[in-house]
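I have placed the structure first, in the form of structure tokens, so that the comments after it can refer back to it.
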Amino acid sequence: MELREYRIEREPYYRASGDEVALFEAAYASRMPVMLKGPTGCGKTRFIEHMAWRLGKPLITVACNEDMTAADLVGRHLLDAEGTVWHDGPLTRAVRHGAICYLDEIVEARQDATVIIHPLTDERRLLPIEKRNELVVAHPDFQLVIAYNPGYQSVVKDLKESTKQRFGALDFTYPPASVEAEIVAHEAGVEPTVARRLVQIGERSRNLRGRGLDEGASTRMLIHAGRLAARGVALEAACRMALVLPLTDDADVRDALSAAITACL
Amino acid sequence: MSEVPPRPEEAYARIRAEGGAGELHFSDVERQLRHFLTALWGRDVPMRALSAGGDAPEARRSGFDGGVIRLPDALPALAGQPAEALFRASLAHLAAHLIFSRRQLARGLKPLLMAVVGLVEDARVEHLAMRAFPGLRRLWLPFHVAEPSGALIAADLMERLSRALIDPGYEDANHWVAKGRALFFDGKDQWEDPDFSLRVGGLLAGDLGKMRVGLNHKTYLVEPAYRDDNGGLWEFDTPPQVPPDDHDLPLEAMRAEPSEGQEPDEFDGAARNDPAAASAPAGEADPEAGVPVARYPEWDYRIGLQRPGFARVVECPAPPSSPALIDGLLARDPGMVRRVARLVRAAKFSRPERLRRQAEGETLDLDACVEAAVERRLGHAPDPRVHAATRRRFRDLSVLVLLDVSQSTNDPVSDPAGGAPTTVLALERHATALLAAAMAEAGDRFAVHAFCSNGREEVRYQRVKDFGDPYDNAAKARLGGLRGRYSTRMGTALRHAGRQIAGQPTHRRLVLLITDGEPSDIDSGDRRYLIEDTRKAVGELAGAGVDVFCVRLGGTSAADARDPARIFGGRNVLTVERLERLPDMLPQLYFRLTA
């Protein structure tokens, strides 16, 4: 079977903090394109992995970068002994064989890459491959999911209106403190009390968002700190390594954040 | 640690004696403290430095009042802790008050009662804060240095009680201290109640009264040093006495800004009233007299029409000075020269260009593929570079740096580099020298022109360096020789600059206007007239495919920025208040150009 390697065998841990699972299932039932919004490290990628497992569909993930072009998504001609051969890109594979295609950090990709998804995301559900003169009709299982972080405070790094309006959206934020502590405890393997402290520390850094920090500590960062702590590192040192130093190079903010963390412990 | 804790006066004398070494100024830690407060409580509370005023000990106590935190403008290292920790402990304590304290009516309360209630309230809010942030105890504890003693002095007993309430390991046999401790911790469940302090404090103050230990409330100072004067706890019928400079402080800060912004206007006013300046002929005796080269229309917003041929541009020679001046400026900070040069080099402006025969790329280069296939069938080794890619490769940009050299550029600005006071013109010259060196090194096409005006018939235009010219010592000498005089008829100068750059065969054309203010001229009383005309000129240039970008030097206030934003568009104005920030700002400029 095609795309076997893209199937998710074991259930990825995901702790829902709202009705996002039900909403996504409804969206998938009508194959509505979905956009996952939210700050980095809040569980967008984990969520889509969980949903792909739940729905039993293969998941093709593409991490977009600023050099990403339409050809990287659709495919390209390669040379072999006989001449050229066409090689499907990840998007085309998903469209042909029926996978959930997840484009992570879509705003990073070049404009031409974001525009080729347009015919896939309306009633047509088509992918034109102009280089081969081919029209690929989407497999019934195909769904497009994109993720983006609206926190990028840059005008050029925003989705075009014509792209945005093709998607339903789920808004992800950091989960409520108790839920987040549960997640940190599960993922990092630390005691619930330690997890709660870490979440409290995380909230301190999120208070500084936009006032010294571009972004507060993500759930992922808290899990990192938790994992260090689980290996016997003192919590303060773990937080310094996993939170303070990666978050900022500004000495004042670092000192303030370190002091706030000390106050939490 | 001494047996008998020093009296406040002694403590303060000690603080002052030690002061010189470990003293830290509020301004040095203000940003850090602000972030600390925000991180902990998610609040942005205004903070003011409280000038130490005379030598009064109160001056070194923090305080809070009406949602404003006052911190001493300098604090020493104390009790083996760095001054930073003292600032932080003070702030954390004040924040606990702001979050958990409620104002009480002070009417009819004796000073002793208020002091004891304040002590209990301090402990109460600290314990509430420590429930959320247990680590705060480690911040506060080192400052509690009171030791048990036989002395029965109220201030001493209170300091010991303060310690007993926060330090679980502290032992004190004194009956009053023990009672206070018991009352406080027995009421643990009532800590949330703001009246708790009033009840417990009332009982304790009564006992203290019976013990006949007096409190000299004139010299009483809340200990330990990180705690505030608790003035913010009480609602007085009459305003409490506070040092007058404290209240004036925020007001002064606000007053300073507009006067700064008004200076250029005032100067122009003076020039208008000066008959010699206004009626000076186009200057036969002037060695820098120029030749009229063009007339430009001006836009009159009042009639909504162009006034054709209204302003005349006179090109004047730029008097040279020594090129050593410019080289000297650059030699002062070679690191900055390198940074600016790197930024300029890194920016790419050109049409995307298709590169063929690449080793890798987005598409196959068909011609190369066919050739490769033919080669192979002929039994030759084919060229593996069969891909094509698109890149922006060249710096297809010409820049005209247009300097405002009006009289107002002779205004002093606050010193950017930590040296002697400087003028806007000197800043302009320095910034231009940096940019020019970088652009010359990168091989860009650029010109440096300067303008000022003396009425609409004499818009003086000087060429420091033209597009075709090399950036040599002669150009540097002319840049160094620029002098600030006359006024700022920006619109006409921009139109002329636009004409100079229009012929440049590049993809992007940029007029970079470096100025200190807004347009004005001696024959235009209506301020808005020249602003509107300049706005129109910027629009005309944009229509001709020339980007106009304004770099404002020296100005800082937001009100100053409104008119330039109106003229050039908000995203085309860059305010550089300190020259060191130029390298930080340049990427913004380039980003806006390429975006």
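The values are calculated or read from the model by the stated rules, or taken from the named source; none is laboratory data. Since we're looking at a predicted model, the values are computed, not measured. Here the Cβ is made from the backbone with ideal geometry for all residues, glycine too, and neighbour counts use every protein chain on show. These accessible areas exclude ligands, DNA and RNA; they are computed on the full protein's heavy atoms, side chains included. Shrake-Rupley method; radii C 1.70, N 1.55, O 1.52, S 1.80 Å.
Is the range B:8-242 rounded, prolate or oblate when judged by the Cα gyration tensor, a ≥ b ≥ c being the square roots of its eigenvalues, rounded requiring a/c under 1.5 and prolate requiring a/b larger than b/c?
On the way: a/c = 1.39, a/b = 1.27, b/c = 1.09.
Judged from the Cα gyration tensor, the range B:8-242 comes out rounded (a/c under 1.5).
Treat each spin label as a single point 7 Å out from the Cα along the C-beta direction, and report the B:E353 to A:N65 distance in nm.
2.4
Can you give the calculated 222 nm mean residue ellipticity of chain A, where each DSSP H run of n ≥ 4 adds -39,500 (n - 2.57) and the sum is split over every residue, rounded to the nearest 500 deg cm²/dmol? Each step should come with its number before you reach the end.
Numbers: 11 runs with 103 residues, N = 265.
Helices in chain A give a 222 nm mean residue ellipticity of -11000 deg cm²/dmol.
Just give the residues from the range A:93-137 buried by at least 10 square angstrom of accessible area in the all-chains context relative to the isolated chain, probe 1.4 Å, and say none if nothing qualifies.
The answer is A:R110, A:K131 - residues whose exposure falls by at least 10 Å² when every protein chain is included.
For B:R48, list long-range residues whose amide hydrogen, built 1.01 Å from N in the peptide plane, is under 5 Å from its own amide hydrogen.
B:I69, B:R70, B:L71
Which percent of the accessible heavy-atom area of the range B:8-242 goes to carbon and sulfur, probe 1.4 angstrom?
Values: 5330 of 9900 Å².
With neighbouring chains kept in place, the figure for the range B:8-242 is 54 percent.
Can you list the lysines whose alpha carbon sits under 18 Å from that of B:K218, skipping same-chain ones fewer than 8 residues off?
By straight Cα distance, B:K218 reaches B:K110.
Inside 10 Å of the C-beta atoms of B:359-368, what's the mean count of C-beta atoms belonging to other chains? Could the numbers behind the result be given before it?
Details: counts 0, 0, 3, 9, 5, 7, 0, 2, 0, 0.
Average neighbour count from other chains, rounded to a whole number: 3.
Go through the range B:196-211 residue by residue and turn each phi into a ³J(HN,Hα) via Karplus (6.51, -1.76, 1.60, θ = phi - 60°); whole Hz please, and just put x for glycine and proline.
Going residue by residue, I get 3, 5, 5, 5, 5, x, x, 4, 5, 5, x, 4, 4, x, 5, 6 Hz, with x marking Gly and Pro.
Extension gain A:R10-A:K160, at 0.36 nm per residue separation less the Cα-Cα distance, in nm? Working shown, then result.
Numbers: separation 150, 0.36 × 150 = 54.00 nm, distance 3.63 nm.
Net length gain for the segment: 50.4 nm.
Short version: ³J(HN,Hα) in whole Hz for each residue of the range A:18-35, in order, from phi by Karplus 6.51 cos²θ - 1.76 cosθ + 1.60 (θ = phi - 60°), x for Gly and Pro, what are they?
x, 9, 4, 5, 5, 4, 5, 4, 5, 5, 5, 4, 9, 6, 6, x, 10, 10
Output wanted: per-residue J couplings in Hz (rounded whole) for the range A:50-65, from phi through Karplus 6.51 cos²θ - 1.76 cosθ + 1.60, θ = phi - 60°, x for Gly and Pro.
5, 5, 4, 5, 4, 7, x, 10, x, 10, 10, 9, 10, 8, 7, 9
With a 1.4 Å probe and all protein chains left in place, how much of the accessible area of the range A:4-171 comes from carbon and sulfur atoms, in whole percent? Intermediate values should be presented prior to the final figure.
Values: 3880 of 8040 Å².
Looking at the range A:4-171 in its full context, I get 48 percent from C and S.
Kindly identify the range B:456-555 as rounded, prolate or oblate by the Cα gyration tensor criterion: order the square roots of the eigenvalues as a ≥ b ≥ c, call it rounded if a/c is under 1.5, otherwise compare a/b with b/c, prolate if a/b is larger, else oblate.
oblate
In Å², what does the accessible area per residue of the range B:8-242 work out to with a 1.4 Å probe?
Details: 9900 Å² over 235 residues.
Here the residues of the range B:8-242 average 42 Å² of exposed surface.
Quick check: at a probe of 1.4 Å, how many percent of the accessible area of the range B:369-412 sits on carbon and sulfur atoms?
Result for the range B:369-412: 54 percent of the exposed heavy-atom area is carbon or sulfur.
Give the interface area between chains B and A as buried accessible surface, both sides summed, probe 1.4 Å, in Å² to the nearest 100. Walk me through the numbers before you get to the answer.
Values: alone 28220 and 13530 Å², together 39350 Å².
What B and A bury together is about 2400 Å².
Would you please give the residues with an amide H less than 5 Å from that of A:V136, counting only those at least 5 places away or on a separate chain, with H modeled from the backbone geometry?
Under 5 Å from the amide H of A:V136: A:L127, A:I129.
Averaged over peptide A:198-205, how many Cβ atoms belonging to another chain are found within 10 Å of each residue's Cβ?
Details: counts 0, 0, 2, 1, 0, 3, 7, 1.
What the average comes to for A:198-205 is 2.
Whose amide H sits under 5 Å from the amide H of B:V448, counting only residues 5 or more places off or on another chain, with H placed in the peptide plane?
B:V401, B:V464, B:K465, B:D466
Taking square-rooted eigenvalues a ≥ b ≥ c of the alpha carbon gyration tensor, is the range B:444-500 rounded, prolate or oblate, where a/c under 1.5 means rounded and, failing that, a/b exceeding b/c means prolate? Show your work: numbers first, answer last.
Working: a/c = 3.33, a/b = 1.50, b/c = 2.21.
Judged from the Cα gyration tensor, the range B:444-500 comes out oblate (a/c at least 1.5, b/c at or above a/b).
Label-point separation (nm) for A:T84 and B:H175, each offset 7 Å from Cα along Cα-to-Cβ?
Output for this residue pair reads 10.2 nm.
So how tilted is helix A:192-207 from the main axis of chain A? Cα-based, degrees 0 to 90, rounded to 10.
Tilt relative to chain A: about 80 degrees.
Hey, rough spin-label estimate for B:R332 and B:T219, points 7 angstrom out along Cα→Cβ, what's it come to in nanometres?
Taking the simple label geometry, B:R332 and B:T219 are separated by 5.3 nm.
Using only Cα atoms and rounding to the nearest 10 degrees, what angle (0 to 90) does helix A:219-230 make with the longest principal axis of chain A?
50
Mind checking which lysines have their Cα closer than 24 Å to the Cα of B:K476? Skip sequence neighbours fewer than 8 apart in that chain.
Reachable lysines: B:K465.
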